[in-house]
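Any read-out appearing in this document is the output of simple, stated calculations on the displayed coordinates, not a laboratory observation. All figures in this text were calculated on a predicted structure; none of them were measured in a lab. Positions of Cβ are generated from backbone atoms using ideal geometry, with glycine treated the same way; all protein chains shown enter the neighbour counts.
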Amino acid sequence: MASTSHVTKTNRGFAAMDTSKQREIASKGGRAAHAQGTAHEFSPDEAREAGRKGGMAVSRDRDHMSLIGRKGGEARGAARRNGGSGNGAGARF
């Protein structure tokens, strides 16, 4: 008979720190990288490509896209019922 062992994963090091402490350390690292000139900064073309790839990945999930559209339609309808345009740009008739 094989014995089953239960291994519990505990956070150690960076993962065990308070979120605000993690942010503080990460922020210092980012500032240091920029000061040294080794930080990566996206060019407009790189940013465009990253956004395109992210959009393609999200849009593959049709149920998720349907939910997004439904929520947008509901929010717009609720805003119109309450006297607003739903998009902050005025009515489009």
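Using the count of nearby Cβ atoms within 10 Å as a rough guide to exposure, how do H40, H6, H64 rank from fewest to most? Present the calculation step by step, with values, prior to reporting the outcome.
Working: H40 8, H6 4, H64 11.
Ordered by Cβ neighbours within 10 Å, fewest first: H6, H40, H64.
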I'd like the Karplus ³J(HN,Hα) series for segment 56-67: coefficients 6.51, -1.76, 1.60, θ = phi - 60°, whole numbers in Hz, and an x wherever there's a Gly or Pro. 5, 5, 5, 6, 5, 8, 5, 5, 5, 5, 4, 5
Ranking V58, V7 by Cβ neighbours within 10 Å, fewest first, what do you get? V7, V58
